[in-house]
Amino acid sequence: MKKNIHRCAECGKTVESEKIVIIDNKPICLACIFGQTKPFKIYPVGQVRNGLTMKKKDLGLSGPKGISCIDLLPSQKRFMYKLEEEKFLTIVYYLHKTKSVKSIFKRGLDRKKVGVFASRTPYRLSKIGIQDVKLVKIEGTTLHV
């Protein structure tokens, strides 16, 4: 099986696609972005389910507003002790649909020109999002937020 190879726009090295990030429409290798930093593993504990999709112009989400469900893995039940007593949860999630990154862009509705760290864009190198949500109800290992 032939691997897809790219040339890094910064250092000029040729590397496999899984070691490339597209930033400002240019392929940049992970070594140029992260140096010698070692990645770490994060295992999922569940999956978010809702009807939201990205808007065509990347200005947020479209779809039914309201309740999302977080389906926790059955193995996570043991960690849910007294969860029903909480009103709000902080959810950390993986942005699996993120493809490329723009280092500077016009942010959401105010259209202010900013960098990734000055926004809530899902298009970020870490692919990690954080959101505070209201806990509506719990059914088994499904959280309604």
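Some values worked out for this structure:
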item: The range 42-75 - residue that is of a type in the set (S, T, N, Q), surrounded by 12 or more Cβ atoms within 10 Å (Cβ to Cβ) and more than 18 Å from LYS127 (Cα to Cα) and, of those, modelled with the lowest pLDDT; result: SER62
item: Of the criteria (1) at pLDDT below 95; (2) under 20 Å from ILE22 (Cβ atoms), which one VAL114 fails; result: (1)
item: Subset of the range 92-123 (residues that are of a type in the set (Phe, Trp, Tyr) and either closer than 24 Å to VAL145 by Cα or surrounded by 12 or more Cβ atoms within 10 Å (Cβ to Cβ) (or both)); result: TYR93, TYR94, PHE105, TYR123
item: Enumeration of residues in the range 3-41 that are under 22 Å from the mean Cα position of the chain (by Cα), surrounded by fewer than 11 Cβ atoms within 10 Å (Cβ to Cβ) and in a loop (DSSP other than H, G, I, E, B); result: ASN25, GLY35, THR37, LYS38, PRO39, PHE40, LYS41
item: Strands (runs of 3 or more DSSP E) lying entirely in the range 79-145 (those with 2 or more residues that are over 30 Å from LYS26 (Cβ atoms)); result: 88-94, 128-134, 137-139, 142-144
item: Any hit, the range 109-117, residues being within 21 Å of ILE33 (Cβ to Cβ), assigned by TED's automatic domain parsing to the domain that holds CYS69 and touching a Leu at 6+ places or on another chain (Cβ under 7 Å); result: no
item: Neighbours by Cβ (under 9 Å, 6+ apart or cross-chain): first from the range 28-50, closer than 21 Å to ILE70 by Cβ; second hydroxyl-bearing (Ser, Thr, Tyr) and part of a loop (DSSP other than H, G, I, E, B); result: GLY46/THR141; VAL48/SER68; ARG49/SER68; ASN50/SER68
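The values are calculated or read from the model by the stated rules, or taken from the named source; none is laboratory data. Keep in mind it's a predicted model, so treat the numbers as computed, not measured. When we count neighbours, we look across all protein chains shown, and the Cβ atoms used for this are built from the backbone with ideal geometry, even at glycine.
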